[in-house]
1. How big is segment 1-157 on each of its three principal axes, counting only the C-alpha atoms and giving the largest first in Å?
2. Counting only the backbone N, which residues of segment 89-111 are under 17 Å from the spot 7 Å out from the Cα of residue 1 toward its beta-carbon?
3. Run the simple label-point estimate for residue 222 and residue 98 please: 7 Å along Cα→C-beta, distance reported in nm.
4. Which one of 135, 256, 220 is farthest out on the positive end of the charge dipole of the chain, using unit charges on Cβ (Lys, Arg +1; Asp, Glu -1) and the Cα centre as origin?
5. Among the listed pairs 87/198; 81/244; 160/244; 87/259, give every one whose C-alpha distance is greater than 26 Å.
6. If you find the alpha carbon centre of segment 248-264 and of segment 1-37, how far apart are they in angstrom?
7. Dipole magnitude of segment 104-247 about its Cα centre, charges +1 at Lys/Arg Cβ and -1 at Asp/Glu Cβ only, in debye to the nearest 20?
8. Per the Debye formula with a single identical scatterer at each Cα and no solvent contribution, what log10 I(q)/I(0) holds for the chain at q = 0.07, 0.10, 0.12, 0.16 Å⁻¹?
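Every number here is computed from the coordinates shown, using simple stated rules; none is lab data. Since this is a predicted model, take the numbers as computed values, not measurements. When we count neighbours, we look across all protein chains shown, and the Cβ atoms used for this are built from the backbone with ideal geometry, even at glycine.
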Amino acid sequence: MLEKYLDIGPEVRAALADGKAVVALESTIISHGMPYPQNVETALNVENIVRAAGAVPATIAILNGRLKAGLTRDEIEHLGKTPGVLKTSRRDIPFIVSQKLDGATTVASTMIIAALAGIRVFATGGVGGVHRGATETMDISADLQELAHTNVAVVCAGAKSILDIGLTLEYLETFGVPVVGFGTEEMPAFYTRKSGFKVDYRVDSVRALAEALKTKWDLGLTGGMLVTNPIPPEFEMDYGTITKAIDDAVAAAEKAGVKGKETTPYLLAKVKELTGGDSLDSNIQLVYNNARLAAELSVALASLK
């Protein structure tokens, strides 16, 4: 039945068949995260980083209604320069597929397609979460429920700092999702290494992280694991500067009436504008850093019997 909907790229299919390391990569960052051609250049650089660390990259998207795990360079180029590619989460998949449309996958939908293909490790920038003011709006990312139910480890630089990080951690705790700090006891906040909130577990070696993941799934404890990987210090933004930019962006979004899945792209674009582009540079570097760790984790996981 899966073959009716899912295409796995030849390189990815061969790696999975041989039990080799594969890393899933999202496509929202290509279609909605940054301008062309920087988006395509970044996506290709991320794939190269994954390969250099010994794993096979599997950029994920929906093209002409087909679920794709492993894109060609031409397909990445198409996503980067084609207007109107739909931002796709779990609820959107049946409609994007049945209507044969193009969809750029979020964290949630990338996890779904990765799991269908048999990929267990996924690298992204930041994970979605509970939005500020969610006690009234109930604006909570579908990423969190996917982490609760889908067996994919997500390597990220923490929750985007436009979110309510404290409530995001409470939500994940309720649904039994382990939040791990790689080399840190504090939850990173995307653009900065600190947030003021503690992670559940600090892990300092890739091998130990892989062993915890394998144990989790061997025991039948379904759901993912959130592996938070702080942005390298040299690319970290000044805490006061980014906090003010985020607060101003949130206020602008409220004034403009921006809601739902348009909130995150709006806020990130506004923060980029308010920081003179510095936030985009930091974003790119943290994605590279996460891709490297995810590849190392996938290699370690593939080595465990």
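1. The Cα atoms of segment 1-157 stretch 48, 33, 32 Å along the principal axes, largest first.
2. The answer is 93-95, 97-98, whose backbone nitrogens lie closer than 17 Å to the label point.
3. In this crude spin-label approximation the distance works out to 2.3 nm.
4. The listed residue farthest towards the positive side: 220.
5. On the way: 87/198 31 Å; 81/244 32 Å; 160/244 15 Å; 87/259 14 Å.
As for pairs spanning more than 26 Å Cα to Cα, those are 87/198; 81/244.
6. First find each Cα centre; the distance between them is then 31 Å.
7. Details: 11 positive and 17 negative charges, 66 e Å.
In debye, rounded to 20, segment 104-247 gives about 320.
8. -0.23, -0.49, -0.72, -1.38
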